[in-house]
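Remarks on the structure that follows.
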Amino acid sequence: MASINLDRRSFLKAAGGLGALSIAGVGIAGQPHKAHAEDAAFPEQKHGQPIEATVDPETGKLDINDDVVVRYSACLGCYSSCGNRLKLDRASGRLISVGGNPYHPSCAYPYLDFDEPLSEAYQSMGFASGKGNLTRGTVCGRGQATQDVYAQPNRITAPLKRAGKRGEGKWKAIGWDELIKEVTEGGKLFADAGEDREVEGFKALHDTETPLNPAQPDLGPVSNQFVMLGGRGDGRTTIGTRFTNCFGSLNQYGHGST
Amino acid sequence: MGAFPGSNGKSFQGIAKRTLDRLQTGECTIDVVDPVLGNGCVTPTAKGITWVPIKTATNAAFALGIVRKILEDKTYNATFLSYPNYQSAFAGGFASYTNASHLVIVDENHPNYRKLMRAADAGLEEPPADPKATTPVPYYVVIDQATGQPAIHTQSDAAQFEYEGEVNGVKVRSSFLFLKDNAFEHTLDEYAEITGTSVATMERIAKEFVSHGTKASARLGFGGSATANGTTGVLAYPALNGLIGSAQMTGGCNCYRIGSKTTTDGDRYKLATVKGKPAVSAKNATYICRTQKLFSQTDEYKARVAAGEKDPKPKLPWLNVPSTSDNQALVSIVNEYPYQAKILVSWMTNTIQASSGALRDSVIEKLKDTSVVPLHIACDAFIGEHAQLADYIVPDTTPFESFGLVTQEGYWRGKGNTVRWQAKQPSTIELSDGRFASFEAFCVDVAKACDMPGFGDNAIEATDGTSYPLNDAADFFLKAVANLAFAEEPVADVRDEDVKLQALDELPAAWKEAVTPEEWPKVLNVLSRGGRFWPIETSQKNGRSAYAKEYLIQYYSEKKALNKNPYSGVHPDAALRYVPEDFCDRTPIAEVYSEQEWPFRSTNYKPRFRSISMQANSPIMRDLCEKNYLELNLDDAAELGIKDGDTVRITNPTGDVMTGEAMVRAGIARSTFGVAYGYGHHAYGAQDAEIDGTLAKGDPAIAAGVHLQTMLDPMLEDGVIYPHADSDAGSPGRSGGMYNIEKA
């Protein structure tokens, strides 16, 4: 069992630099595949996160830390569709850190074959038997920053309804059922904010037969006045497209021209 | 061209790993044709890198200089250009064909003037229709090389691509001649002047490009298209590849974005098929972004003409070239044209912040106006610029808590799909039925309330006919993973030790129920790898990509040729041509505003330490780079009396003012300024937020930096808000435009 408190040198051996350095992590021909520094360069680690495993650089022996789960998933730091590696605390599920996926061609090249066991992926992040510095899973700074981005305390976790004029920045938390009822039923939804108008909800707009403008039937039915701006190159947009099309609208727009 | 490798929305880690090694060993060289140097994964200090500081918004001119040189030297592949159809080209060893030999009707009095000649125009008989074809197959006319006689393009193996004459009494020219005309419109000296590069550079690249058979490739770098003449730049790449036949060839312009059928109709589940889906399509409805249609084809146009109007002009331009456009959808919404958006959902998006020219008071006021957008629901994890203007905010899951199946992005020739899955429990509220608040849960619950098809019980059909419910994200996406797991050869079942290592036996019970017992261990195997990538060795076959499909390079675009501009009556060029940036009526911007008064162009590029509209809220990213700069060329700055660190003011002809800190540096072309986007936020934590009476003060650090403000198009009626955009594709005029720079 690997200990959480490793000295800095062992840490580097196991984690292979964690992909923090975008260029230094690449095996450049003609340059030694080696990243060992002098012992004196690394003070003993007193803080920091638990690591997932150690790999003995000489024997290749793998020692996995069972307290840490490593899962491979997709990065969404931008739209490049790279893979990523999520280190999680097994007991709490807390996200410890984000790195690259050695099975993914955008993170590692050559990338690990799909059929290689996960133990091989751990090996690839170390220096065992010359594997580590050749096939290493890295993500860029944007990918690593996703952890910090989504850890911010102002993240929205419950439905909000505006409690002032639109754009004024005043909100109140509401329940999920209330949210669904209000947006589907419509009505005088903002009477509290001093607005007397009737708002058409999803149900009122869900008319896939009547033209939205009888003088210009080519514009489509009433339901075509539902517009969804959203969806990144994130492989999730299909749900938005499915919703929009099943509602009876063409108007689903992903990030394409922005 | 137009972007540094790795700085352009393509995976820069992957590109670095695949190019650095080869640069180092001298196996490849890269010419970086970009007004702004930096931010990529290779630097000019690396071996084999040459920086060509091109003037912004002149990509087509640079390409045409190269085309001209290749045409003058006759170093193009004439055999390839002669193939009039894919089958002949494929038999000749290629993986694409061009319409170089297809004839265009140039007789002004002919009813099909400007169109490609069809069999009927030439008095030729069409082959019998394929009973299996769902859409009519067009038959074009060529002059067969062997007989010198007109022939249907599918019935000739080689055709003349420089033909000019009459067919069936109709004046025609081959498509290739239109490119030739446009290439010879300017001399190489003129192209050098237009682009700020040199004749020697264009000649060197032209020579190099044709020296490797099909193993050379011109590629679109992102950013090059986001100028008001970006379409011409985009056309440049296939035009060049067509001269050597390198499309879809190994070592050439190889296939990319190759993946399996996942969230669509796949091997196990038909995820794109919905029984009872409303029959609303582009045939009987119109995209609010005004695409896929000419104005003259709309009911509005017909009604106005019927009412006696002569040459009616639309409130906003119509764009028949692109499929859809998010920035143009936003423009339509704020101008309430061609119809009103009654309910707007902004999901994990920030179109207003991400479109240069849109984040301005006039647009914000429109979106605040409840008579313009009666109901606006945002779905996000943070209150960005869009969500700030919403009536409701639905909390969404983060990338660590959501699913998604992504086709591989980046210039990579292999096949595979990345899978994002809920690797940790969502932090959003748990709903009464055990689901967590998310976009998917919102869609399901609204759909059920409205009795919509496609959600709830029996919403998804498997290929064996079994029906399944769609009540949460896992119900849909795990079926997409099953499609991936079973594509071609099904993957093996997950190993027991891998289940243990990733704690896959602790996943929610609902996940296992979303697929069959046979599928579950294979689904887990794919999840455990974060996707599925096929061995790279399987990606190429006989010198071509194994995934090559029929591929046509158009030297003459009939679609463009027929796009008569409703404001001025001008027809755009159907072939690649250098066209300076223009406004929506095709008046060059330099004819409206003086280049002496507004001598600079913007170069708006993707930042390394922000991501489009995201990541300014990360303290770590702000520590790495607190703000962006207005980056100036050393000589330009000296002439303006601006020193590094000075505060400078940049203005455009429609009155926008941007103030920021100058960074005076090498690596910026003359007459442009570099500015990274993703900075200059109004919201996303920069604003105050009061929730349930508790005020959270905004953090001004999140607002730091400059948001590039593109000018408005002045050629539309008063009151219309239309940020400067490409006249064909509607892409924002992010780079280019006209600006003045002064010390503040």
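Output the direction-averaged projected area (hull surface divided by four) of the convex hull of the alpha-carbon atoms of the range B:29-87, in nm².
Average projection, Cα convex hull of the range B:29-87: 6.5 nm².
Among the GluC sites (Glu not before Pro) in the range B:254-341, which ones are in a DSSP loop with at most 11 other Cβ atoms within 10 Å of the Cβ? Mind listing them?
Sites meeting the loop and neighbour criteria: B:309.
Quick one: what Rg and Dmax do you get for the range A:82-229 from the alpha carbons, in Å?
25.2, 74
Summing +1 for each Lys or Arg and -1 for each Asp or Glu, what net charge is found among the other residues whose Cβ lies under 11 Å from the Cβ of residue B:230?
-2
From the phi of every residue in the range A:173-189, what ³J(HN,Hα) in whole Hz does the Karplus formula 6.51 cos²θ - 1.76 cosθ + 1.60 yield, where θ is phi - 60° and glycine or proline is x?
Rounded to whole hertz, the list is 6, 10, x, 5, 5, 5, 4, 4, 4, 5, 6, 8, 7, x, x, 7, 6.
Throw me the Rg/Rh for the protein assembly as shown, computed over C-alpha atoms with Kirkwood Rh, two decimals.
0.95
Report the calculated FRET efficiency for residue B:120 and residue B:559 (r = Cβ-Cβ distance, R0 = 25 Å), to the nearest 0.05.
0.80
Going by how many other beta carbons lie within 10 Å of each one, how would you line up B:724, B:212, fewest first?
Taking fewest neighbouring Cβ atoms as first place, the list is B:212, B:724.
Run through the range B:125-225 and list the trypsin sites (Lys or Arg not before Pro) located in a DSSP loop whose Cβ has at most 11 other Cβ atoms within 10 Å.
In loop regions of the range B:125-225 (DSSP not H, G, I, E or B), the sparsely surrounded trypsin sites (Lys or Arg not before Pro) are B:132.
In sequence order, what are the phi-derived ³J(HN,Hα) couplings for the range B:113-118 according to the Karplus relation 6.51 cos²θ - 1.76 cosθ + 1.60 with θ = phi - 60°, rounded to whole Hz, with x for glycine and proline?
Listing the rounded values in order: 3, 6, 8, 5, 5, 9 Hz.
With 10 angstrom as the radius, rank B:406, B:167 by how many other C-beta atoms surround their C-beta, starting from the fewest.
If I rank by nearby Cβ atoms, fewest first, I get B:167, B:406.
Mind running the shape call on the range B:399-459? Use the C-alpha gyration tensor, a ≥ b ≥ c as the square roots of the eigenvalues: rounded below 1.5 for a/c, prolate if a/b tops b/c, oblate otherwise.
oblate
For the range B:581-744, treating each Cα as an identical point scatterer without solvent, what Debye log10 I(q)/I(0) comes out at q = 0.09, 0.11, 0.13, 0.15 1/Å?
So the normalised log intensities work out to -0.35, -0.51, -0.69, -0.88.
Provide the percentage of antiparallel DSSP beta bridges, counting only those with both residues in chain B; round to the nearest 5.
Antiparallel bridges make up about 65 percent of those DSSP assigns within chain B.
What shape does the range B:12-113 have by the C-alpha gyration tensor, where a ≥ b ≥ c are the square roots of the eigenvalues, rounded means a/c under 1.5, and otherwise prolate means a/b greater than b/c and oblate the rest?
Prolate.
So which lysines can residue B:69 reach, going by Cα to Cα under 16 Å and dropping same-chain residues fewer than 8 places off?
B:180, B:207
What percent antiparallel are the DSSP beta bridges of the range B:581-744, to the nearest 5?
Counting only bridges with both partners in the range B:581-744, antiparallel ones make up about 70 percent.
Can you give the direction-averaged projected area of the convex hull of the alpha-carbon atoms in chain B, in nm²?
For the Cα atoms of chain B, the hull's average projected area reads 35.5 nm².
Quick one, could you list the DSSP H helices from chain B stretching 20 Å or more along their long axis (Cα atoms) with average Kyte-Doolittle hydropathy of 0.0 or above?
Once both thresholds are applied, what remains is B:59-73, B:230-244.
Taking the Cβ of residue B:509 as the center, what net charge do the other residues with Cβ under 15 Å away carry, scoring Lys and Arg +1 and Asp and Glu -1?
Net local charge, residue B:509 excluded: -4.
Rounded if a/c is under 1.5, else prolate if a/b beats b/c, else oblate: with a ≥ b ≥ c from the C-alpha gyration tensor eigenvalues square-rooted, which is the range B:252-295?
Oblate is the answer for the range B:252-295, as a/c is 1.5 or above yet b/c matches or exceeds a/b.
May I ask you to list the aspartates and glutamates whose Cα is less than 14 Å away from that of residue B:743, ignoring any residue fewer than eight positions away on the same chain?
Result set, ordered by chain and number: B:631, B:636, B:639, B:644, B:646, B:661.
Report, in deg cm²/dmol and to the nearest 500, the calculated mean residue ellipticity at 222 nm for the protein assembly as shown, where each DSSP H run with n ≥ 4 adds -39500 (n - 2.57) and the sum is divided by the residue count.
-6500 deg cm²/dmol
Can you pick out the pairs among B:283/B:564; B:74/B:293; B:277/B:479; A:87/B:10; B:215/B:415; B:10/B:564 whose Cα atoms lie more than 27 Å from each other?
Over 27 Å Cα-Cα: B:74/B:293; B:10/B:564.
Give me P(r) over the range A:206-253, computed from all C-alpha to C-alpha distances, binned every 10 Å, as integer percentages.
Going from the shortest bin to the longest, the percentages are 30, 45, 20, 5.
Kindly put B:117, A:125 in sequence by how many other C-beta atoms sit within 10 Å of each C-beta, fewest to most.
Taking fewest neighbouring Cβ atoms as first place, the list is B:117, A:125.
Given H placed on each backbone N at 1.01 Å, which residues far from residue A:74 in sequence or on other chains put an amide H within less than 5 Å of it?
HN-HN under 5 Å from residue A:74: A:84, B:420, B:421.
Using only the alpha carbons of the range B:410-498, what is the convex hull's orientation-averaged projected area in square nanometres?
Averaged projected hull area, Cα only: 9.1 nm².
Values quoted throughout were computed directly from the atomic coordinates according to the rules given, and no laboratory measurement underlies them. This is a predicted model, so every value here is computed, not measured. Please note: Cβ atoms are built from the backbone with ideal geometry, for glycine as well, and neighbour counts cover all protein chains shown.
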